[in-house]
Amino acid sequence: MRFLRRNSTTTADSPEIEAAEVAESVESHTRGYTPGKGRPTPKRKEAEGKRRGPVAPPPRTMREAMKRNRELRKSNPVDKEERRRLAKERQERMAAGDDRYLLPRDKGPVKAYVRDLVDSRRHFLGAFMPLAILVFVVLLVPYPVIQQYVTLLCMAALLVMAVEGYFNGRRITRLARAKFPKENINGRSLGWYAFVRASQIRKLRMPKPRVKVGDTVS
């Protein structure tokens, strides 16, 4: 019954053999196998988006745009000449009416059409700012009679401006709705936009007028 006996040579050598096999298994496991991460590898766009963070929405007002520019200067300082060049280019694009550089209140084909309608005519509203300067100067004059007459003149002028602005807003809203029937146009908002545009001095309007007085806008 020799086969029931344990081989002393095999028994003595088994720990060494087992250690060698384990070492070989670990080495092959390390060289030829890469363990999984348990999740899919993110795409390049997703990884860049996580590093950069969410994109900030465009500024809604001029004050917000100026504040954001100051923050960008502090976080990422650029050469002064480069900043001036970029600011000049942005100003030129805005003056030219490039929709990418305009404020949200001026964007869109409807607002561009309204600006053309306003710029193609002369408006009594254009005298609003000079009239305000005149009132300020008259208040410094120590003559009550002159102040009284100028005050009456200003009240009459403001009344005419209000009437002109009302009818002008209705006309422009009607034309805009006829040209853009699929757009949801708010009459009050568009009328006020036309009123503000008409009350500004022509040379100071932004974006700059792209039509001349008397041109036909279709």
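The values are calculated or read from the model by the stated rules, or taken from the named source; none is laboratory data. What you see is a predicted model, and the numbers here were worked out from it, not measured in a lab. Backbone-built Cβ (ideal geometry, glycine too); neighbour counts: all protein chains shown.
Would you mind stating whether K67 is over 30 Å from V163 (Cβ atoms) and part of a helix (DSSP H, G or I)?
Here the answer is yes, as K67 does meet what is asked.
Among the residues of region 86-136, how many are part of a loop (DSSP other than H, G, I, E, B), in contact (Cβ under 8 Å) with a residue 40 or more places away in the chain, in contact with a helix residue (DSSP H, G or I) (Cβ under 7 Å, 6 or more places away or on another chain) and not aliphatic (A, V, I, L, M)?
2
Just one of the numbered conditions (1) within 34 Å of the chain's Cα centre (by Cα); (2) in contact (Cβ under 8 Å) with a residue 12 or more places away in the chain is not true of K203; which one?
Result: K203 passes all but (2).
Take the conditions among the hydrophobic types (A, V, I, L, M, F, W, C) and either modelled with pLDDT of 95 or more or exposed (fewer than 12 other Cβ atoms within 10 Å of the Cβ) (or both) and apply them to M155. Does it pass?
yes
Any idea how many residues of region 48-64 are modelled with pLDDT of 70 or more, assigned to a helix (DSSP H, G or I) and charged (D, E, K, R)?
Of the residues in that region, 2 qualify.
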